[in-house]
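The values are calculated or read from the model by the stated rules, or taken from the named source; none is laboratory data. These numbers come from a predicted model, not from an experiment. Note: ideal-geometry Cβ built from the backbone for every residue, glycine included; neighbour counts use all protein chains shown. Only protein heavy atoms, including side chains, enter the accessible area calculation; ligands, DNA and RNA are left aside. Shrake-Rupley method; radii C 1.70, N 1.55, O 1.52, S 1.80 Å.
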Amino acid sequence: QLRQLFGSAVPAFPPKFYLVMTKSMADERRSQLEQYLQNVTLDSNITNSDVFIGFFRKLQQDTFKIQTQRAFLDVYLADGGSIRLDIQTSDTAERILEVASCKMGLSRELIKYFSLFFFQDHDDGALSVVKKVADFELPYVSLQSMKELHCKLGIRKWYMDPSLDTLLMDCRASLNLLYMQAVQEVKRNWVKPTEGQMQELEFLQKNASKAKFLELIREMQFYGYLRLDPCICDYPEEGCSADIYVGNNEINCCIKLPTKQSKEVSFKINRLRSWQVTFLGAAKNGEDDTLELRFEYNDSGTWQWIILYTKQAFLLSSCLKKMISEQMMKAAKKGQE
């Protein structure tokens, strides 16, 4: 039915497993579905159609054998608090975000600046954002399928240009969400303030000066970026480890060379031609699934492929798409002026 409506625009669907699925088969199936999601979301005409939403709802519920019924779902905020929602297991992320936003008093026109994410809180205090939840995805079902990852569902801002903060400052609910996330990112060392800036932030936080806190933090390195877990890359040579920050039209990598020296590299989004995510194999012995994101980059006039081996490859891909769409919207706005 999807192919009748949209023809070749619909990507090929991953094959089914007809036997009882082992854990590795379920992990592989989940990664294949995520890859399918990445491809299909390139065309909003498909993902906004009732036919697709109904198809994907049935697919998720059938794959993980979860029937439609009433349930409670906790949506976490950046300060550690949560909102408990009375939902149906078949509710989409779009629906759950609307209900959560209504409970928080977030105005309807600002909902588009936020999204639901799956994340992990680690014992050492680190925060891992696992993936962005697609609007048509069923968060309750996805959480059940990711039980062994001990993920939580949370709400975070969803834009990569820090200057867009200014559009959300007049609504108390959106101001609170931005402030909670900014405080969290300072605590988790995602943002890099100087010693003097840190003292100013602490003073503003103590006095609950949220708007001034956000105004100040926008000047700081890596504010508004999404930090990935440490990963492996092949630039400038094989076997390098890297800390990656993505945002503000760049992928910023702090690379540790095999010689133990460090090198900071910024890959600008306007010099990136294409990218792809590849699933290399299911997890073994409790390790993470093997995923890679490779992108084609113009380095001093020469195009080359750069590979990042990261379990957050799909999340990084979503961030790249978001940065490009924001650039296009900004360019279109300038053209109208």
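When I255 is tested against (1) out of contact with any helix residue (DSSP H, G or I) (no Cβ under 9 Å at 6 or more places or on another chain); (2) open to solvent by 20 Å² or more (accessible area, probe 1.4 Å), exactly one condition is not met: (2).
The rows are residues; the columns are (1) within 26 Å of F119 (Cα to Cα); (2) open to solvent by 70 Å² or more (accessible area, probe 1.4 Å).
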residue: N189; (1), (2): yes, yes
residue: K192; (1), (2): yes, yes
residue: L204; (1), (2): no, no
residue: E215; (1), (2): no, yes
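The helices (runs of 4 or more DSSP H) falling completely within the range 138-213 that include 2 or more residues that are β-branched (V, I, T) map to 172-187. Restricting attention to the range 321-337, which residues are more than 21 Å from F295 (Cβ to Cβ) and charged (D, E, K, R)? Scanning the range 321-337 gives K330, K333, K334, E337.
If we keep just the residues of the range 158-172 that are in contact with a Ser or Thr (Cβ under 8 Å, 6 or more places away or on another chain) and open to solvent by 10 Å² or more (accessible area, probe 1.4 Å), which is farthest from I324 (Cα to Cα)?
Filtering the range 158-172 for residues that are in contact with a Ser or Thr (Cβ under 8 Å, 6 or more places away or on another chain) and open to solvent by 10 Å² or more (accessible area, probe 1.4 Å), the one farthest from I324 (Cα to Cα) comes out as C171.
Of everything in the range 108-155 that is more than 19 Å from Q38 (Cβ to Cβ) and acidic (D, E), the residue that is surrounded by the most Cβ atoms within 10 Å (Cβ to Cβ) is D121. Of all residues in the range 51-81, those that are within 24 Å of N176 (Cβ to Cβ), without any contact (Cβ under 8 Å) to a residue 24 or more places away in the chain and open to solvent by 60 Å² or more (accessible area, probe 1.4 Å) total 1.
Listed by position, the strands (runs of 3 or more DSSP E) inside the range 48-135 whose residues that are out of contact with any Phe, Trp or Tyr (no Cβ under 8 Å at 6 or more places or on another chain) number at least 3 are 70-76, 114-121.
Does V10 satisfy being at pLDDT below 75 and open to solvent by less than 20 Å² (accessible area, probe 1.4 Å)? Considered against the rule, which asks whether it is at pLDDT below 75 and open to solvent by less than 20 Å² (accessible area, probe 1.4 Å), V10 comes out as yes.
With respect to I244, is the statement that it is assigned by the TED database to the domain that holds S318, in contact (Cβ under 8 Å) with a residue 60 or more places away in the chain and surrounded by 19 or more Cβ atoms within 10 Å (Cβ to Cβ) true?
Considered against the rule, which asks whether it is assigned by the TED database to the domain that holds S318, in contact (Cβ under 8 Å) with a residue 60 or more places away in the chain and surrounded by 19 or more Cβ atoms within 10 Å (Cβ to Cβ), I244 comes out as yes.
Here's the yes/no breakdown for (1) in a strand (DSSP E or B); (2) open to solvent by 40 Å² or more (accessible area, probe 1.4 Å); (3) out of contact with any helix residue (DSSP H, G or I) (no Cβ under 7 Å at 6 or more places or on another chain); (4) among the small types (G, A, S):
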residue	(1), (2), (3), (4)
E219	no, yes, yes, no
Y235	no, no, yes, no
L291	yes, no, no, no
W305	yes, yes, yes, no
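Pairs meeting the criteria (first residue in the range 206-225 and farther than 20 Å from M160 by Cα and outside the structural domain of T194 (by the TED database), second residue at pLDDT 95 or above and open to solvent by 80 Å² or more (accessible area, probe 1.4 Å), beta carbons under 7 Å, at least 6 apart or on different chains) are lacking.
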